[in-house]
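FYI, it's all coordinate maths here, none of it is from the lab. On a predicted model such as this, the values are computed, not experimentally measured, just so you know. As a convention, Cβ positions derive from the backbone with ideal geometry for all residues, glycine included, and neighbour counts pool all protein chains shown.
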């Protein structure tokens, strides 16, 4: 496949077209479970494509076990996570041995009236074949109490580890400004998770830094009491405190809580993550002139940041309207970069 192209195809079909170990880094955010219907064509996940199929009311084939629908619309979280794993198995195949994978994934509450938020999509060319506005999730099969968080990010991470991925970090994306929640019996959620996976213990990574806390400078310059105030048992187990430490001009090693505000997107896309959130994964996990893949491209943020940071990109997006958004935004990025160079 050619580089620096957004292909109009679903993630699973697009990944099948990529060669083994052909990309350096994957940065993506798949559709969240039961959040919204993007009006896409239904796909068969799992099962047998040659089966005659006998679908029940949840679009699960009673013969081969496949499910027909749009990713994120599964009636149970187990089916949703299972379908995600099928896609990320393909990501494992196309990612180089020293490559890195970064996945932004949010959670969902299990409620008795849980139903997908359906948006009348601006592109009438993509319509879901199996969408039913009155269909609810299969509560009886959830095994989760009403009003409980489904813990989808955690279950997803566990399944990925069981499939052989190495989970290096669970990063907290802290959002300083969020839409106020109307509920009064829980706290407002102001964060999402970003999982940092690798295929092997040795992988391509460039250390990232952040500014020291103001109090750190005084402590480092003053030094530490080598004898310390801890008893001998503590010093034997954890080691004696060091003396005066040097200040690294680059700063301290970047922490795992990233405070990144959402960005306003003029284009009609409901789930675009901010460019600043993507910068660190690409700078840390993709070599210069490397290839960044986003199998759920959406509005093109991953491609835009990759291009700006001197990397190549490949993206998959089944919605033609979103592909147009990606290309418009990329054209603006290329134009702005050329003006800066002048």
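In table form, for the structure just shown:
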quantity	calculated
Histogram of C-alpha separations across the stretch 17-82, 5 Å bin width, %	4, 16, 21, 20, 16, 14, 7, 3, 0
Sorted by Cβ density within 10 Å, fewest first, the residues 322, 212, 32	212, 32, 322
Gained length - residue 49 relative to residue 63, 0.36 nm times residue gap less alpha-carbon distance	3.9 nm
Pairwise FRET efficiency - residue 42 versus residue 206, Cβ, R0 = 56 Å, nearest 0.05	0.85
Relative packing of peptides 295-302, 254-261 - highest average C-beta neighbours within 10 Å first	295-302, 254-261
Exposure proxy ranking, count of Cβ atoms within 10 Å, fewest first, for 273, 203	203, 273
The stretch 293-311 residues near the modelled residue 327 label - backbone nitrogen below 18 Å, point 7 Å along Cα→Cβ	297-304
Packing rank of 154-160, 74-80, 14-20, 180-186, where each peptide gets the mean count of other beta carbons within 10 Å, highest leading	74-80, 154-160, 14-20, 180-186
Alpha-carbon Rg/Rh ratio, for the stretch 49-96, with Rh computed the Kirkwood way	1.05
Ranked 264, 7, criterion: other C-beta atoms within 10 Å, fewest first	264, 7
Rough spin-label spacing in nm, given labels placed 7 Å along Cα→Cβ, for residue 253 and residue 161	1.9 nm
